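Asks: So that we are looking at the same thing, I have put the structure below in structure tokens.
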Number of protein chains: 2
Amino acid sequence: MRGVSGPGRRVTLADVAREAGVSTALVSIVMRGVAGASPANRQRVLQVAQDLGYVPDSRARVLRQGRSQLLGVMFGVHQPFHADLVEGVYAAAEEAGYDVVLSAVAGARGEDRAVDTLLADRCEALILFSPLSPRSWLADLATRLPTVVVARSVKVSGIDVIRTAEAEGIELAVDHLADLGHTRIVHIDGGDAPGAAQRRKGYRAAMRRHGIAAEERIIRGGNTEDSGARAAAKLLASEVVPTGILAFNDRCATGVLDALYKARIEVPEQVCVVGFDDAYLAGFSHIDLTTVRQDAAVMARLATDQAIARLESADDGGESGRDVIVPPTLVVRGTTARII
Amino acid sequence: MRGVSGPGRRVTLADVAREAGVSTALVSIVMRGVAGASPANRQRVLQVAQDLGYVPDSRARVLRQGRSQLLGVMFGVHQPFHADLVEGVYAAAEEAGYDVVLSAVAGARGEDRAVDTLLADRCEALILFSPLSPRSWLADLATRLPTVVVARSVKVSGIDVIRTAEAEGIELAVDHLADLGHTRIVHIDGGDAPGAAQRRKGYRAAMRRHGIAAEERIIRGGNTEDSGARAAAKLLASEVVPTGILAFNDRCATGVLDALYKARIEVPEQVCVVGFDDAYLAGFSHIDLTTVRQDAAVMARLATDQAIARLESADDGGESGRDVIVPPTLVVRGTTARII
DNA sequence: CTGAAAGCGCTAACAT
DNA sequence: ATGTTAGCGCTTTCAG
């Protein structure tokens, strides 16, 4: 049993060295798997390390090496789309030999706190998933270390952005509904959320392009299920009920579906609904949501590669930062159909 | 602009000391906010630190102090219920003055890798959310540092467990359906998932208690939407279709609803469905799932407190580890109704 | 109230 | 191939 108080003593490299009867430097060589140790000693040291349950102290290693090879990721713990992104970053970082440290935004823990811990952790670069904090805050961050923002369009000096062609995405959705014969298409927007402005713009452009600008209608939503449900309720109470609803994102769309379902309105027979993201939730469940897909795997890889590029080369993305735009695709599922 | 290669140099405590014209020790005192510096110097040092953008290096601090005050949390990035738990751990840890480091299980990144990084990070205790790894692996972990398992019942020496009264939960669900007049109640189980065995047992006990043991039927499911959908499809193809389905958890239930919906079976009119967890997803959306609620906030707090208790006192929970059981509650929503 | 110096666990230069 | 040593950024005695 461990001692009665405080954390148990850790097994150090020196412990292994003593037990194996060699120097700490040699143990270090063996543990890192680099050349410079006889096979016999290597074998022996590994065995002792195993027996003692030695685990290298990454913090000490980082301190000594001067480099952490650590990418800090800020994400929203309740955002299914962020989960997809996290998975992609792990994969890309591992290939490149970098480690990842996560910091969640959750409840009372805001973005500043999340990033502070990342900085204290000696991360070399930051990857932020749809941060809501002001531009000035982001700009300040970028002066300290390479910063990549995913899924929010910010034009800030030094910040790289990986984002979806928001307008193009929503236009795909409008095209889809228009092709199915819809004209009364409303957009429940994202308010101040990242991407919301571009999506509104794309919606208007597409409505005009289809010659149904007169039907334009945008009502305030948000990026939560609640906001979608509230917006849909308001819509149902209005005089003209639309046949097509473009929700800000999948979560919003889920709320919309909830409200429609409760009002006994048939989807897609009476009203069609389109989401945005294609978070892994959308495809499952009887949500079965037609949605505009953002490719999380691709975006995560681009973000990771960009962060690493900044660290390893002179690539500063130009004064104003890189702006990589990923094309979205439409995923047609069960919430849309030809108008009756 | 930063240098062209490698991470920019960090501002260190020594930099601040030099700039402020004091010793590093004094800066340390000021930065930690402890007594021992004149107000004038304190003011001055803080100002300089601010100007230089100094961020204390948590890794160096930990190295020196010998204690990290760090709680390592392993969670599944795609598990909505884990997201709720993470939020709770952050809150509880902050109150107690501990830091939290997250390590996600995602795709190719398995539990062993997730925990390895936690150990390398010098965590003092581990909190694992429904780990699937074998008992021997957990036992080994527990010999190294305090380990708390949440939402999986493991009887392993030295491991503390915080879990829901699984059987009791599923019995609540059976009682609910029985009260509504159902008798043909099947259980789509969780296979080998944590808690699955106890839930099967609870199901059988409750069926017997209601005198409908003859209707007992358990079919294999799992803890994903897919597994639920497959099980439901199988159920629909069988001779006797049940009127009540107890799914292993909310994700499984979501898949069940999906399959029923596609088969044009009315819920709750023709078939009722009950989930388990009440992850934040269940309440939203037209899923509107009746479910057995596990209280994530309470479980997270208990887990965090238990981990800290092990670190700070002689409380070793007894030889075999503490086993804290949290009572579940039934949340009645729209997927259950009186049988017609 | 302030400074000098040692040392946490590790790695990298250098020496043998 | 192996050992010795210095020092990463910080905190903590111990002197002054």
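Quick note: the coordinates plus some simple rules give every number you see, no bench work behind them. On a predicted model such as this, the values are computed, not experimentally measured, just so you know. For neighbour counting, all protein chains shown are included, and Cβ atoms are generated from backbone atoms with ideal geometry for every residue, glycine included.
Asks: Once you list every other residue whose beta carbon is under 14 Å from the beta carbon of A:LEU46, what net charge do they have if Lys and Arg are +1 and Asp and Glu are -1?
Replies: Cβ neighbours under 14 Å give a net charge of +1.
Asks: Which percent of Cα pairs goes in each bin when the distances of chain A are cut into 20 angstrom slices starting at zero?
Replies: 27, 43, 22, 8, 0
Asks: With a 10 Å cut-off between alpha carbons and a GNM built on chain A, which of A:LEU13, A:LEU236, A:LEU281 moves the most?
Replies: Residue with maximal mean-square fluctuation among A:LEU13, A:LEU236, A:LEU281: A:LEU13.
Asks: Can you compute the FRET efficiency between A:ALA40 and B:VAL240 using 1/(1 + (r/R0)^6), with r the Cβ-Cβ distance and R0 = 60 Å? Round to the nearest 0.05.
Replies: Between A:ALA40 and B:VAL240 the formula returns 0.30.
Asks: Between the helical axis of B:39-52 and the dominant principal axis of chain B, each derived from Cα atoms, what acute angle in degrees is found, rounded to the nearest 10?
Replies: Around 70 degrees separate the two axes.
Asks: Moving to a separate point now. If you rank B:PHE276, B:PHE75 by fewest surrounding Cβ atoms within 10 Å, what's the result?
Replies: Ordered by Cβ neighbours within 10 Å, fewest first: B:PHE75, B:PHE276.
Asks: Provide Rg and Dmax in Å for region A:166-294, with only Cα atoms included in the calculation.
Replies: Calculated on Cα positions, Rg and Dmax stand at 12.8, 35 Å.
Asks: Specify, per residue and in Å³, the volume enclosed by the convex hull of the alpha carbon atoms belonging to region A:51-137.
Replies: Considering the Cα atoms of region A:51-137, their hull volume per residue is 140 Å³.
Asks: In addition: Report the Cα-based extents of region A:1-82 along its three principal axes, largest first, to the nearest Å.
Replies: The Cα atoms of region A:1-82 stretch 51, 39, 23 Å along their principal axes.
Asks: Among residues other than B:ASP258 whose Cβ falls under 15 Å from its Cβ, what is the net charge (Lys/Arg +1, Asp/Glu -1)?
Replies: Combined, the nearby Lys, Arg, Asp and Glu give 0.
Asks: Work the Kirkwood hydrodynamic radius out for region A:13-56: mean of 1/r over every pair of different alpha-carbon atoms, inverted, in Å.
Replies: About 9.9 Å for region A:13-56.
Asks: To test your reading of the geometry: what angle, between 0 and 90 degrees and rounded to tens, separates the Cα axis of helix A:111-120 from the longest principal axis of chain A?
Replies: Around 20 degrees separate the two axes.
Asks: I would also like to ask the following. Put a point 7 Å out from Cα along the line to Cβ at A:ILE340; what are the distances to that point in the other copies, in nm, shortest first?
Replies: 1.9
Asks: For B:VAL149, enumerate residues with amide H under 5 Å from its amide H, sequence gap 5+ or separate chain, H modeled in the peptide plane.
Replies: For B:VAL149, whose amide H was placed from the backbone, the distant partners under 5 Å are B:LEU128, B:ASP160, B:VAL161, B:ILE162.
Asks: Arrange the following residues from fewest to most other Cβ atoms within 10 Å of their Cβ: A:TYR261, A:TYR203.
Replies: A:TYR261, A:TYR203
Asks: Quick check on region A:1-151: what are the equivalent-ellipsoid semi-axes from the Cα gyration tensor, as sqrt(5λ), descending, whole Å?
Replies: 38, 18, 14
Asks: Let me ask you something else. Give me the inter-chain shielding for A:104-112: mean count of other chain Cβ atoms within 10 Å, whole number please.
Replies: What the average comes to for A:104-112 is 4.
Asks: Would you mind ranking A:LEU311, A:LEU118, B:LEU246 by Cβ crowding within 10 Å, fewest neighbours first?
Replies: A:LEU311, A:LEU118, B:LEU246
Asks: How big is region A:76-182 on each of its three principal axes, counting only the C-alpha atoms and giving the largest first in Å?
Replies: For region A:76-182, the Cα spread along each principal axis is 55, 31, 30 Å.
Asks: Continuing with this model, one more query. Quick one: compute the contact order of chain B, relative version, from alpha carbon pairs under 8 angstrom and 6+ residues apart, as a percent.
Replies: 17 percent
Asks: Work out the FRET efficiency for B:ALA263 and B:SER153 from their Cβ-Cβ distance, taking R0 = 35 Å, and round it to the nearest 0.05.
Replies: 0.50
Asks: Which whole-number percentage describes the relative contact order of region B:166-294, with Cα contacts under 8 Å and a sequence gap of 6 or more?
Replies: Reported relative contact order: 24 percent.
Asks: With label points built 7 Å along Cα→Cβ from the Cα atoms of A:ALA108 and A:VAL331, find their separation and express it in nm.
Replies: The two pseudo-label positions are separated by 3.6 nm.
Asks: From the alpha carbon gyration tensor of region B:228-291, can you work out the equivalent ellipsoid semi-axes (sqrt of 5 times each eigenvalue) and give them in Å, largest to smallest?
Replies: After diagonalising the Cα gyration tensor, the semi-axes are 19, 11, 10 Å.
Asks: For chain A, what is the calculated [θ] at 222 nm in deg cm²/dmol (nearest 500), taking -39500 (n - 2.57) for each run of four or more DSSP H residues and dividing by its residue count?
Replies: After summing the helix terms and dividing by residue count, I get -13500 deg cm²/dmol.
Asks: Also, quick follow-up: Can you tell me the FRET efficiency between A:ARG220 and B:ARG9 if r is taken as the Cβ-Cβ distance and R0 is 60 Å, rounded to the nearest 0.05?
Replies: It comes out at approximately 0.80.
Asks: Another question, if that's okay. Please tell me the relative contact order of region A:13-56 in percent, rounded to the nearest whole number, where contacts are Cα pairs under 8 Å and at least six residues apart.
Replies: Computed value for region A:13-56: 42 percent relative contact order.
Asks: I would also like to ask the following. Using only Cα atoms, what Kirkwood radius does the protein assembly as shown have, in angstroms?
Replies: 27.3 Å
Asks: Could I ask something else about it? Once fully extended, how much extra length lies between A:ALA197 and A:ILE212, figured as 0.36 nm per residue of separation less the alpha-carbon to alpha-carbon distance?
Replies: 3.4 nm
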